[in-house]
Structures are given as structure tokens and as C-alpha cells.
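The structure appears right after this line, and notes come after that.
All of the numbers you see were taken from the coordinates with simple rules; none came from a lab. Everything numeric here is computed off the predicted structure, so don't read it as measured data. Glycine also receives a Cβ, built like all others from the backbone with ideal geometry; neighbour counts cover every protein chain displayed.
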Amino acid sequence: MKTASSIALALGALLAIAAPRAVIAQTDCLACHGDMTLQDASGHSVGVAAHTFAASLHGSLQCTACHTTIKEYPHPDKVTPVECQNCHADQASGLAGSVHAKASEHPCISCHGNAHAIFPKDDPRSAVYPLNIPRTCGHCHGDAALAKKYGLTNVYSLYMDSIHGFALSKGGLLVAANCQSCHGSHHILSHTNPLSSTYKANIPKTCGKCHAGITADYELGVHGKAVAAGNLKAPVCTDCHTAHAILQPTEAAFRMQSTPICGSCHKDKLSTYRDTFHSQLGGLGGYVQTARCWDCHVAHEILPASDPRSPVNQANLVKTCGRCHPGANLSFVQYQPHANAHDRKLNPALYFIRLFMNLLLIGTLTFFVIHTILWLIRSRYTQIKKRSADGGKNG
Amino acid sequence: MADLEAAAAESWEHEEKEGRHFLRFTRAQRLLHATLFTTFLGLAATGLPMRFSESVWARALASGVGGFGAILFFHKLCAVVLTLAFLIHVRDIFTRAFIHREKGIFWGANSMVASWKDVKDLLGHIRWFLGLGPRPQFDRYSYWEKFDYWAVFWGMVVIGFSGYAMWFAPFFAHFLPGWALNAVLVIHSEEGLLAILFIFSIHFINTHLRPDSFPMDMVIFTGMESEEEFKNRRPKEYQRLAAEGKLEARLAEAPGIWQLNFSRVVGFTAVAIGLLLLVLTLSAYF
């Protein structure tokens with residue numbers, strides 16, 4: 001496509017030479033527009049930095065290649081806007097169907113920046129150079145007023161504080177996911193559109209462009225299989241990791257936030273987990289290395305306990321529990337991490353022990369609360385009576 | 001009783017102006033109580049955040065003791081100290097009863113073991129509450145004091161055993177079935193909760209906050225009480241000692257002002273911490 005348009009431009013230039021009257025060379029235009037202070041009637045700057053333009057991607061083109069309506073000098077005061085799609089037809093058609101189609105500003109330069117200083121996307125001067133993309137998108141998507149107006153979350157700050165944002169801004173990693181890695185560039189669709197790269201069913205594939213190994217594991221697990229089978233209630237990457245505020249999974253904050261996420265679907269498992277020491281100590285802070293959901297169930301290749309490959313399969317428990325509890329034996333792994341002390345059928349021993357302990361607690365306290373209240377009343381009564389007998393001096 | 005009399009003789013010099021004072025608790029007994037309540041407050045303050053880890057104050061308390069990992073360390077530290085104190089006490093009882101052949105450890109007026117009189121005292125006390133009879137004449141240890149003692153004794157065995165079973169779970173799994181590892185947490189937390197609720201409400205009121213002792217009974221801190229207090233609280237013991245002519249052997253010097261002040265600071269701090277923990281515990285339910 002690029003070659004084809006270059007040939008077309010070259011042909012155009014040749015034709016222009018063949019008809020000398022219509023030619024306006026860069027130097028002719030720059031004679032006036034080279035002055036950076038030049039303004040049009042409405043006060044907009046119409047100056048062009050000649051050296052920057054010459055070095056830019058379009059530097060070899062004549063001005064009229066883009067400003068096609070200008071044929072001669074002097075030109076009219078009002079000129080029609082540049083139509084980028086004359087050359088970049090594919091990008092333009094992608095944009096036309098995207099969420100940015102209705103953007104009122106000139107959509108191309110909103111992202112690509114100054115039209116006379118456009119550089120290849122692998123050039124650090126480019127507004128769409130990977131390390132510059134978040135800032136470019138952030139012009140609008142980091143703007144609280146715009147976010148409010150269009151009902152968008154302020155994703156820029158979430159992204160910049162995420163593991164991807166840190167890799168990009170602190171590490172300067174070109175491979176760190178930036179906005180367009182997931183959303184694409186021209187043909188950006190809403191996540192509600194089944195064709196979008198951020199549509200729920202397409203998320204594993206989108207993340208898998210970089211995280212191929214994890215995605216392969218995920219697709220073997222119950223969640224991956226369910227999503228592949230069309231069950232969109234099953235979680236994809238972003239349900240656990242979030243879309244923009246992605247944390248390093250070993251970080252305390254992530255260890256704290258993830259258990260309730262699993263529990264938002266697995267409610268009964270969360271409530272029984274809450275009753276265990278794992279949760280009670282772990283709930284106090286993420287630094288405590290007590291078992292969270294994925295420490296036992298693993299995070300991506302989650303298999304049912306009945307599957308012999310599952311770490312929570314009966315045959316693998318000694319190894320799985322032994323990762324934290326050295327010396328775990330067959331008896332030790334009969335411990336139930338999701339025991340329900342309120343379920344008489346499932347955990348009868350635990351049920352009756354809890355019942356006994358509760359009755360002991362309630363019985364003891366009830367007896368002594370009554371005993372103490374009666375005692376208090378009687379003591380006070382005796383005290384007052386004694387004092388009034390003393391002549392009411394201390395009554 | 002021999003050591004009690006010896007300690008009394010040691011500290012007794014003269015009759016105070018305010019009247020005579022008698023020794024109730026030996027230094028060792030007071031030290032045992034001090035160790036008990038210090039470690040118990042520590043165990044409660046570090047155990048409750050784990051029991052109610054979802055509540056806001058739990059996380060604040062956990063970070064307050066120096067981070068999340070520290071809370072379990074302090075819990076275990078207090079547990080080990082309390083276990084040692086418990087073992088020393090049991091050894092002491094054992095030595096006195098079986099090596100020194102001391103009488104009255106397991107029966108009689110000075111024993112902690114419940115007797116028929118305790119049942120009669122309980123019923124008589126309730127009759128007195130309701131205005132149906134005279135106040136029972138208590139001896140050295142009343143029935144509620146014996147209950148406190150045995151509640152703590154039983155509690156330490158139950159909470160201690162279940163606690164160590166969790167601490168050394170893989171080791172205990174050699175002797176215990178798998179479901180027992182689930183049960184020990186239920187036992188540990190329920191019994192711990194009972195101890196906390198009981199001590200910080202019933203024991204505090206019965207011993208310290210009721211009108212007769214308000215705001216605090218100092219005898220467990222100073223070891224001494226006045227003759228009037230002795231006569232009123234435990235007339236039976238007073239009369240028995242007087243009849244046996246052993247009353248003078250228990251005479252002691254009145255507690256010094258520094259001793260009282262120190263006891264007040266320690267005592268009120270302990271009660272304040274206990275009441276705060278009680279409020280936090282109840283706030284998790286209501």
C-alpha cells in the first residue's frame with residue numbers, strides 16, 4: 001500500500017513537471033510560510049518549521065500533494081482541510097467505523113500530532129512511538145472533564161500506575177503493552193462490539209499476543225474452556241487482573257484484591273475460606289504468605305479437583321500443601337480448606353464441635369450475666385440502704 | 001499455707017494507724033496473676049484481629065503491632081510465656097501436694113477444688129440477690145473465684161492444645177485425623193472468644209467494678225487487704241483463723257503509697273485495654 005501510494009505520488013510529481021504553470025515548489029510556499037509567526041485571518045498559526053518538515057516522513061512531498069486545492073499563487077484565504085485518506089485510505093476506512101469516527105477535531109492530527117512533523121512510529125519523535133502513545137491518548141483519556149462528558153473512566157492514571165505503565169514509563173520497554181497494543185490504532189471498537197479486540201471473548205487472544213504461555217495455560221483450564229465454549233460468565237484475563245490497573249501478581253495489593261474477585265462468582269467457596277486460618281491471617285495484609293485461591297488451585301490452568309493433573313486432586317495434595325507446610329503427610333492433607341462448620345451433613349464432626357463450643361459460650365455467659373446483674377443491683381441496694389441508715393451523710 | 005504465713009511474717013512489722021492489714025496473696029501468686037493478665041491481654045489483642053480479620057479495626061491493630069507478619073509472632077510469644085507460667089504453676093501444685101505432702105491442696109477451706117459448700121454458697125448468694133435470705137459467709141476462695149480459676153485452667157489446656165496443634169499442624173497430623181485440624185481452629189477461636197468475653201466483662205465486674213470493690217480491688221496487686229475488708233468479704237475465713245489463733249500469723253504491713261500507685265497504674269491500664277478489646281469484639285457482632 002505504501003509503495004503503491006509512493007508510486008502514485010511520484011507519477012503525480014512527474015505530471016506536475018510536465019505542466020509547469022501549476023507547480024508550486026516547497027521553496028515557493030516556504031517563502032511566506034517559513035515565517036513561524038505567520039497567521040491566517042482567524043489568528044491560527046500557519047507557519048511551517050522548514051527543517052523539521054524536511055526531516056519528517058512527508059518531507060519529500062510537495063506542499064500541494066496534501067493541500068490539493070491550492071493550484072497557484074496567491075491562493076484564496078480559505079483553503080479546504082487536508083484529506084489524509086487520499087493516500088491513507090485503509091487507515092481512514094478503519095477510523096470511519098471506529099469509536100473515534102465522530103471526533104470533531106481533525107482525527108488524524110489528534111493522535112499523530114503536528115501535520116508538518118510526522119515521523120515514523122519507530123522514531124522517538126513520533127507521537128505514536130510506543131513510549132509516547134499513553135501520553136498521546138492521555139490528552140483526551142486522561143482529561144477528567146472529557147472522561148466525565150463521555151462517561152469514560154480516567155484510564156490514563158490507572159494505566160500509568162499499572163505494571164504495564166511502569167514498564168513503559170520507568171523501564172522504557174518498547175515491548176510493554178501500551179494503549180494500542182490492546183485496543184489497536186485506527187479501527188478501535190467498543191468493548192461491547194464482538195469484533196473488538198477488547199470484547200470479552202477476544203481478551204485471551206489479545207493478551208496472548210504477548211502472554212502466549214499464560215494464555216495457553218488459561219485455555220487448558222476450566223475458565224478458558226468455558227469462555228471458548230461461549231460462556232461469557234467465566235472470567236477472562238481482565239476479570240481478575242483488571243484492564244488498566246494491572247498489578248504485579250506477587251504484590252501485596254494484588255494478593256489482597258484477588259480473593260474477593262474469585263469470590264464474586266465462587267461465593268460459597270469464599271465464605272468457607274473466610275472461616276479458615278488461611279483467610280483470617282491473610283485478611284490482615286497481603287504480606288502474609290497464607291494461601292489464597294490460586295496458591296492451591298493455580299491461577300491459569302485451573303482444573304477440577306477430579307482431574308488427576310489438578311494440584312488439588314487428592315493424589316497431589318501432599319505436594320501442593322507441602323509447598324508451604326513442610327512435613328505435610330496424608331493425614332495432614334485431609335484438612336479441609338473449605339470446611340463448613342454450619343453444614344451438618346458435609347462436616348458432622350465440625351458441626352457438633354462448633355455447636356458444643358457455641359452452647360458452652362452462650363450458656364456460661366448467660367448464667368454469669370444474669371448472676372452479675374442481680375449481684376450489682378443487690379450490692380447497690382444494700383449500699384444505699386446502709387448509707388441512709390448512717391444518717392444519709394453519704395447517700 | 002506455710003509460705004503464705006512466712007511471707008506475712010516477713011513483711012509484717014507494726015500495726016498501721018489505719019488499722020491492721022492481712023496478707024491474702026503471696027508474691028508468687030501475684031506474679032502469676034501479673035504474668036497471666038499481661039500475656040492474656042497480648043493474646044487477646046493479637047488474636048482478635050485474626051478472628052475478625054475482615055473488620056476495619058483488625059487491620060489497624062495488625063499494622064499497629066508492627067506489620068502483618070508481626071501479629072502472629074507476638075501471639076506465639078505471649079502463648080509461650082503463658083504456657084511456661086502454666087507449667088510452673090502445675091509443677092508447684094504437684095510439688096506441694098506430692099513431694100512436700102502439704103495438706104489442703106485438693107480439699108478443705110484453702111483448696112481451689114469445688115466443695116459442697118460452694119454449691120450451697122451459690123444458691124445462698126442467689127437467694128440473697130433476690131432478698132430471700134442472708135448473705136452467705138464465704139471462706140478463703142468463693143465459688144466465683146474458684147470458677148474463674150478453673151475456667152482459666154481449662155481454657156489454657158483447651159486453647160493451648162488447639163493453638164499448638166495449629167502451630168505445629170504437620171507434626172500433630174501424625175496423631176490427629178484430618179478433620180481435627182479443622183476443628184482446632186473452631187475450638188481455639190470459640191474458647192478464646194469465651195475467655196475474652198468472660199474476663200473483660202464478668203471477671204472485671206465481679207472482682208473490680210461492683211460497688212463493694214469499685215473501682216478496683218487492689219489485693220491481687222498489693223497482696224494485702226485491710227481487716228475490715230477481710231472481715232466483710234470472707235467472714236468465714238476470718239472467724240476460722242481467729243478461732244484457730246492463726247490470724248496474727250497473717251498480719252502484714254499496709255501497702256505503701258508507691259505500691260498502691262504502681263498497682264493502680266498497672267491495674268487501670270489492664271482494665272482499660274480489656275474494656276477496649278471488649279468493645280471492639282462486640283462491635284464485630286452488633
Exercise. Can you tell which of A:Ala115, A:Ser157, A:Ala147 lies farthest toward the positive end of the dipole of segment A:106-169, using +1 and -1 charges on the Cβ of basic and acidic side chains (Lys, Arg; Asp, Glu)?
Worked result: A:Ala147
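If you average over every viewing direction, what projected area does the convex hull of the Cα atoms of segment B:106-161 give, in nm²? If you can, show how the numbers build up before the last one.
Working: hull surface 17.5 nm².
For segment B:106-161, averaging the hull's shadow over all directions gives 4.4 nm².
Could you tell me which helices of chain A pass both thresholds, a Cα extent of 18 Å or more along their own axis and a mean Kyte-Doolittle hydropathy of at least 0.5, with helices taken as whole DSSP H runs?
Working: long enough: A:2-18 (24 Å, 1.67); A:252-265 (22 Å, 0.39); A:348-389 (61 Å, 0.77).
Result, helices passing both filters: A:2-18, A:348-389.
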For this session: Under a cut-off of 19 Å between alpha-carbon atoms, report the lysines in cross-link reach of A:Lys121, not counting same-chain residues fewer than 8 places apart.
Result: A:Lys2
For this session: Could you pull out every residue, at least 5 positions away or on a different chain, whose amide H is within less than 5 Å of the one on B:Ala252? Hs are placed 1.01 Å off N in the peptide plane, and Pro or chain starts have none.
Result: B:His21, B:Phe22, B:Leu23
Exercise. Rounded to the nearest whole Å³, what is the per residue volume of the convex hull around the Cα atoms of segment B:179-286?
Worked result: 159
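Tell me, what is the Rg over Rh of segment A:209-328, with Rh the Kirkwood radius over Cα pairs? Walk me through the numbers before you get to the answer.
Numbers: Rg = 14.6 Å, Rh = 15.3 Å.
Here the Rg-to-Rh quotient is 0.95.
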Exercise. Between A:Asp35 and A:Leu174, what is the spin-label point distance in nm, taking each point 7 Å from the Cα along the Cα→C-beta axis?
Worked result: 4.2
For this session: Sketch the reach of a paramagnetic label on A:Arg309 as a point 7 Å from Cα along Cα-to-Cβ, and name the residues of segment A:197-227 whose backbone nitrogen lies under 20 Å away.
Result: A:204-205, A:208, A:211-227
Exercise. When the Cα centres of segment B:55-109 and segment A:327-357 are compared, how far apart do they sit, in Å?
Worked result: 27
Exercise. Once segment A:257-334 is represented by equal point scatterers at the alpha-carbon sites, with solvent omitted, what log10 I(q)/I(0) does the Debye formula produce at q = 0.11, 0.13, 0.19, 0.22 Å⁻¹?
Worked result: -0.29, -0.41, -0.90, -1.17
Exercise. Which whole number in µm²/s is D for segment A:279-395 by Stokes-Einstein, with the Kirkwood Rh taken over Cα pairs at 25 °C and 0.890 mPa s?
Worked result: 126
Exercise. Where does segment A:34-105 land on the Kirkwood hydrodynamic radius, alpha-carbon pairs, in angstrom?
Worked result: 14.5
For this session: May I ask you to work out the translational diffusion coefficient for segment B:178-224 at 10 °C, viscosity 1.306 mPa s, via Stokes-Einstein with Rh from the Kirkwood sum over Cα pairs, reported in whole µm²/s?
Result: 125
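Under a point-charge model restricted to the Cβ atoms of Lys and Arg (+1) and Asp and Glu (-1), what is the dipole moment magnitude of chain A relative to its Cα centre, in debye to the nearest 20? The partial results should precede the final answer.
Values: 33 positive and 23 negative charges, 525 e Å.
I would put it at about 2520 debye.
So what is the 222 nm mean residue ellipticity for chain B from helices alone, if each DSSP H run of at least 4 adds -39500 (n - 2.57) and you divide by all residues, rounding to the nearest 500 deg cm²/dmol? Please report the intermediate quantities before stating the final value.
On the way: 12 runs with 182 residues, N = 286.
Computed mean residue ellipticity for chain B: -21000 deg cm²/dmol.
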Problem set entry | Across A:Lys386/B:Lys146; A:Lys148/A:Lys205; A:Lys233/A:Lys319; B:Lys120/B:Lys236; B:Lys117/B:Lys146; B:Lys103/B:Lys246, pairs whose alpha-carbon gap is larger than 20 Å | A:Lys386/B:Lys146; A:Lys148/A:Lys205; A:Lys233/A:Lys319
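From the square roots a ≥ b ≥ c of the eigenvalues of the alpha-carbon gyration tensor of segment B:63-115, which class results: rounded (a/c under 1.5), prolate (a/b over b/c), or oblate? Each step should come with its number before you reach the end.
On the way: a/c = 6.96, a/b = 3.07, b/c = 2.27.
Prolate, because a/c is 1.5 or more and a/b exceeds b/c.
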For this session: Can you find, among A:Tyr381, A:Leu361, A:Asn347, the residue farthest towards the positive end of the dipole of segment A:347-395? Put +1 on the C-beta of Lys and Arg, -1 on that of Asp and Glu.
Result: A:Tyr381
Problem set entry | Globularity index of segment A:347-395, i.e. its alpha-carbon radius of gyration over 2.2 N^0.38 Å | 2.10
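Using only the alpha carbon atoms of segment B:15-96, find the Kirkwood hydrodynamic radius as the inverse mean reciprocal pair distance, in angstroms to one decimal. Write out the running numbers ahead of the final one.
On the way: mean 1/r = 0.0664 Å⁻¹.
Evaluated on segment B:15-96, it is 15.1 Å.
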Problem set entry | Number of partner chain Cβ atoms within 10 Å, mean per residue of B:188-194 | 4
Problem set entry | Peptide ranges A:373-384, B:217-228 listed from the most packed, as the mean C-beta count within 10 angstrom indicates | B:217-228, A:373-384
Problem set entry | Within straight-line cross-link reach of A:Lys385, aspartates and glutamates at Cα separation under 20 Å, skipping those fewer than 8 residues along the same chain | B:Asp212, B:Glu228, B:Glu229
For this session: Can you pull the one-decimal nm distance between simple spin-label points at A:Tyr73 and A:His139, each 7 Å off the Cα toward Cβ?
Result: 3.0
Problem set entry | Cα pair distances of chain B binned at 10 Å [whole percent] | 6, 23, 32, 24, 12, 3, 0
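Which whole number in µm²/s is D for segment A:79-148 by Stokes-Einstein, with the Kirkwood Rh taken over Cα pairs at 10 °C and 1.306 mPa s? Write out the running numbers ahead of the final one.
On the way: Rh = 13.3 Å.
This corresponds to a translational diffusion coefficient of 120 µm²/s.
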Exercise. Using unit Cβ charges (K, R positive; D, E negative) and no other charged atoms, how large, in debye to the nearest 20, is the dipole of segment A:311-395 about its Cα centre?
Worked result: 460
Exercise. Averaged over A:367-374, how many beta carbons belonging to a partner chain fall within 10 Å of each residue's beta carbon?
Worked result: 5
Exercise. From Cα coordinates alone, what are the radius of gyration and Dmax values for chain A in angstrom?
Worked result: 34.9, 131
For this session: Largest first and to the nearest Å, give the Cα extent of segment A:108-200 along each principal axis.
Result: 33, 30, 29
For this session: For the protein assembly as shown, list log₁₀ I(q)/I(0) at each q in 0.06, 0.11 Å⁻¹, using the Debye formula over Cα point scatterers of equal strength and ignoring solvent, two decimals each.
Result: -0.60, -1.16
For this session: Would you calculate the separation in nanometres between label points at B:Ala243 and B:Phe175, each defined as 7 Å from the Cα along the Cα-to-beta-carbon direction?
Result: 4.7
For this session: Excluding B:Asn182 itself, calculate the net charge of residues whose Cβ lies under 11 Å from the Cβ of B:Asn182, where each Lys or Arg counts +1 and each Asp or Glu counts -1.
Result: 0
For this session: Treating the angle as unsigned and between 0 and 90°, give the value, to the nearest 10°, between the Cα long axis of helix B:2-11 and the longest Cα principal axis of chain B.
Result: 70
Seminar exercise, completed: Within 10 Å of the Cβ of an average residue in A:328-341, the count of other chain Cβ atoms is 5
For this session: Would you mind working out the magnitude of the charge dipole of segment A:257-334 relative to its Cα centre, with +1 at each Lys and Arg C-beta and -1 at each Asp and Glu C-beta, to the nearest 20 Debye?
Result: 60
